[in-house]
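Report on the following structure.
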Amino acid sequence: MFELIFLGTSASAPTVQRGLSSAVVNFRNHRFMIDCGEGTQRQLLTSGLGFKRLDKILLTHGHLDHILGLGGMISTMARWEMMERVAIYGGAFALDRVRRLFEVVFGPGQAPMRIDFHVLQPGVFFEDEHMKIEAFPVEHRGPDCYGFLFSEKAKRPFLVERAEALGVPAGPERRRLVNGEAITLADGRVIEPDQVLGPPRRGARLAFIGDLARTRGLTSIVREADALVVEATYMESDRELARRFGHLTAAQAAQFARRANVRQLILTHISRRYYVRDLLQEARDIFPNTVVANDFDRFAIKAPKPEN
């Protein structure tokens, strides 16, 4: 399961109700921040999440409303949390802008902690035994824009009733079987993992896209994701403005979600020019399982339960 928390959901400029783009994804002992608009560190404090273990930052692109909060946040993290290092992942253009921002904020070569810059390329850029994250290129205004696909790795469920029938005691023996090791019981019987593990079940999948001009080529990448996060800066009445500035309408986002057969659509990057209820209705007319994210909304992204 992935926990998704929105810190900022406004388009281009903050409003009284919405901060600039930022979200946090929690998974086990990992915390990933996606984008860091101006004021994000205050949003972190208001949310109750705080700064601890927030050592991985992913950037969708290099526009200022998605990166300008990094200077202040890095300064605070170094001063308050004694963080030793932070990894920032982004396209070459975005990382170059962040480096120049840090030179202004801290002075050339004077960043208050070690900052590791990782230039993204399409494909997997983070992986451990439980999950992986893939970057995929998207079209917006300017170069090196990326979306992210978080995938929990498939797991074989432990079949408790079968284990009990075989006399496998609760405790470390069962943990070893889950980890793929055979065990020997007190009576000398050898129990293999296949005897107590069911068939693999796919894990949760979260697709997160920031600003987006066109959806072409992306349907197969996000297909059947448990949640798709994407912008909805405009409504169909302003479709020409959306095209001109490299954004989507709510209807286009919903059509994208329907083509990709995702389970839930979460809209963000919301403009102050519309009533949220109207934006939401435009999307739900096409893809009913749509929500508009508000600042501090939390979502538990889970894989579907298997059919009996």
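In table form, for the structure just shown:
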item	result
Residue in segment 121-132 that is basic (K, R), within 23 Å of F32 (Cα to Cα) and exposed (fewer than 12 other Cβ atoms within 10 Å of the Cβ) present	no
In segment 26-48, the residues that are in a loop (DSSP other than H, G, I, E, B), touching a residue at least 40 places away in the same chain (Cβ under 8 Å) and surrounded by fewer than 19 Cβ atoms within 10 Å (Cβ to Cβ)	R28
L267, sole failed condition from (1) surrounded by fewer than 16 Cβ atoms within 10 Å (Cβ to Cβ); (2) at pLDDT 95 or above	(1)
Pair list, Cβ < 8 Å and 6+ apart or interchain, from segment 155-179 residues that are touching a residue at least 24 places away in the same chain (Cβ under 8 Å) and within 20 Å of H130 (Cα to Cα) to residues that are among the charged types (D, E, K, R) and in a helix (DSSP H, G or I)	F158/R174
Out of R298, R277, R273, sole residue that is surrounded by fewer than 16 Cβ atoms within 10 Å (Cβ to Cβ), closer than 25 Å to M1 by Cβ and not hydrophobic (A, V, I, L, M, F, W, C)	R298
So R162, is it in a loop (DSSP other than H, G, I, E, B), surrounded by 13 or more Cβ atoms within 10 Å (Cβ to Cβ) and of a type in the set (D, E, K, R)	no
Hits in segment 259-308 (condition: in a loop (DSSP other than H, G, I, E, B) and hydroxyl-bearing (S, T, Y))	S271, Y274, Y275
Set F102, F125: member being among the aromatic types (F, W, Y) and part of a helix (DSSP H, G or I)	F102
Test: residue in segment 241-250 that is of a type in the set (V, I, T), modelled with pLDDT of 95 or more, surrounded by fewer than 17 Cβ atoms within 10 Å (Cβ to Cβ) and at negative phi	no
Any chance E181 is out of contact with any strand residue (DSSP E or B) (no Cβ under 6 Å at 6 or more places or on another chain), of a type in the set (D, E, K, R), within 23 Å of F150 (Cα to Cα) and not in a strand (DSSP E or B)	no
Test for A293: is it within 30 Å of A154 (Cβ to Cβ), touching a residue at least 40 places away in the same chain (Cβ under 8 Å), aliphatic (A, V, I, L, M) and surrounded by 15 or more Cβ atoms within 10 Å (Cβ to Cβ)	yes
Residue that is farthest from I34 (Cα to Cα), among those in segment 223-237 that are in contact (Cβ under 8 Å) with a residue 24 or more places away in the chain and either in a helix (DSSP H, G or I) or aromatic (F, W, Y) (or both)	E236
Which listed residue is touching an Asp or Glu at 6+ places or on another chain (Cβ under 6 Å), closer than 30 Å to A154 by Cα and among the small types (G, A, S), from A23, A92, A87	A87
Close pairs from segment 61-74: first without any contact (Cβ under 8 Å) to a residue 60 or more places away in the chain, partner small (G, A, S) and buried (at least 24 other Cβ atoms within 10 Å of the Cβ), Cβ under 6 Å, at least 6 apart	D65/G37; G69/G37
Residues (over 20 Å from D226 (Cβ atoms) and surrounded by fewer than 22 Cβ atoms within 10 Å (Cβ to Cβ)) located in segment 141-154	R141, G142, P143, D144
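The values are calculated or read from the model by the stated rules, or taken from the named source; none is laboratory data. This one's a predicted model, so the numbers in the text were calculated from it and none came from an experiment. FYI the Cβ positions are ideal-geometry reconstructions off the backbone, even for glycines, and counts take in every protein chain you see.
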